[in-house]
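All remarks here apply to the structure that follows.
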Amino acid sequence: RYSPLHAAAYNNRYQVVTLVLRLAREHQPDDPVGAVRKMLSLATSNGNTALHLAARLGHVQVVDALLAKLDLLDAPAAAELLGKKNFESRAGLTHAHSAEEIAESNGHLGAAERLRAKRLSFQNLLNT
């Protein structure tokens, strides 16, 4: 099942993505960062987050909006979300891919580069 954030990411609805994330923050005024983390972590039955879907389809503006919200999180939580892998079964084999790997394998190099840059920036923060 898709959440409203998943549907917006899948359909390349940048304004809806930003609205859903803003409403999540406003709905949880005592923990707006936790609300964003929860929304970004929501996954479909095969582990796809909204970031996975936007990356798969090359929706760069949506990828950028989702990545911008990672800056609200602490580095370990953001790095974990960026490294989160989905799982797909094909021909009896299960494959797991991060959003970055999905974007790259689908030829969406702009999205893949943005994801890689964000991943590396959080890795640098964690290593200092």
Exactly one of 34, 92 is out of contact with any Leu (no Cβ under 7 Å at 6 or more places or on another chain) and open to solvent by 70 Å² or more (accessible area, probe 1.4 Å), and that one is 92
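Results for (1) surrounded by 14 or more Cβ atoms within 10 Å (Cβ to Cβ); (2) in contact (Cβ under 8 Å) with a residue 40 or more places away in the chain, shown as yes or no for each residue.
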site	(1), (2)
42	yes, no
46	no, yes
50	yes, yes
57	yes, yes
60	yes, yes
87	no, yes
Return the residues of segment 104-128 that are surrounded by fewer than 21 Cβ atoms within 10 Å (Cβ to Cβ), farther than 16 Å from residue 80 by Cβ and in contact (Cβ under 8 Å) with a residue 12 or more places away in the chain; say none if nothing qualifies.
106, 107, 110, 114, 116
Does segment 67-78 contain any residue that is more than 12 Å from the chain's Cα centre (by Cα), assigned to a helix (DSSP H, G or I) and either surrounded by fewer than 15 Cβ atoms within 10 Å (Cβ to Cβ) or not hydrophobic (A, V, I, L, M, F, W, C) (or both)?
yes
Which residue out of 23, 40 is at pLDDT 95 or above and under 13 Å from the mean Cα position of the chain (by Cα)?
40
Whichever residue in segment 3-20 is closer than 23 Å to residue 79 by Cα and of a type outside the set (A, V, I, L, M, F, W, C) and, among such residues, is nearest to the chain's Cα centre (by Cα)
6
Residue check for residue 101: closer than 24 Å to residue 127 by Cα, open to solvent by 80 Å² or more (accessible area, probe 1.4 Å) and not basic (Lys, Arg)
no
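State yes or no: is residue 24 open to solvent by less than 20 Å² (accessible area, probe 1.4 Å) and in contact (Cβ under 8 Å) with a residue 12 or more places away in the chain?
In short, yes.
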Can you report the number of residues in segment 18-36 which are outside any loop (DSSP other than H, G, I, E, B) and touching a helix residue (DSSP H, G or I) at 6+ places or on another chain (Cβ under 6 Å)?
8
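The values are calculated or read from the model by the stated rules, or taken from the named source; none is laboratory data. Bear in mind the structure is a predicted one, so any value in this text is a computation, not a measurement. We place every Cβ from the backbone using ideal geometry, glycine too, and count neighbours over all the protein chains shown. Heads up: the accessible areas ignore ligands, DNA and RNA and are worked out on the full protein's heavy atoms, side chains in. Shrake-Rupley method; radii C 1.70, N 1.55, O 1.52, S 1.80 Å.
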